[in-house]
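The structure appears right after this line, and notes come after that.
The values are calculated or read from the model by the stated rules, or taken from the named source; none is laboratory data. Keep in mind it's a predicted model, so treat the numbers as computed, not measured. Because the Cβ atoms are built from the backbone with ideal geometry, glycine has one as well, and the counts that use them run over all protein chains shown.
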Amino acid sequence: MSSRLQLPTFLRTLLNPRKKRSHFLTVGLPFVLTITAGSFALSHLAQVRYDYHDQKVKQIEKKELLNKNGTEKQFDIREVYFELTKDKDWDDWDMVRVPRPPGEEQ
């Protein structure tokens, strides 16, 4: 009896450098398995992304409902701007020269 570890037959044929072996088992099959596993992983990650986006949209909708039901009005900077500028006359102005700092030439 030999003290060497006996490998199963299919492993011995794969690891034997003297025999011609199928390149599909050593190169093609791992490639196909990697592409397939990557496809499933990417689809899972994309689904997580879309679920997270949907959750954010639902939270925003909840906030909008709370603002509509409550007395609190949602802040809009454009409304504030229009309220501040509605009484201004933008056509009545004079061009005034800004005085130069002392020591500069004209």
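Observations
- Residue pairs whose Cβ atoms lie under 6 Å apart, separated by 6 or more positions or on different chains, with the first residue in segment 34-53 and free of Cβ contacts under 8 Å to residues at least 24 places away in the same chain and the second surrounded by 10 or more Cβ atoms within 10 Å (Cβ to Cβ), do not occur.
- Residue satisfying condition, being among the basic types (Lys, Arg), at pLDDT below 85, surrounded by 10 or more Cβ atoms within 10 Å (Cβ to Cβ) and outside any helix (DSSP H, G or I), within set ARG4, ARG21: ARG21
- Contact map, segment 81-103: first residue assigned to a loop (DSSP other than H, G, I, E, B), second residue exposed (fewer than 10 other Cβ atoms within 10 Å of the Cβ), Cβ cut-off under 7 Å, separation 6 or more or different chains; pairs are ARG100/GLN106.
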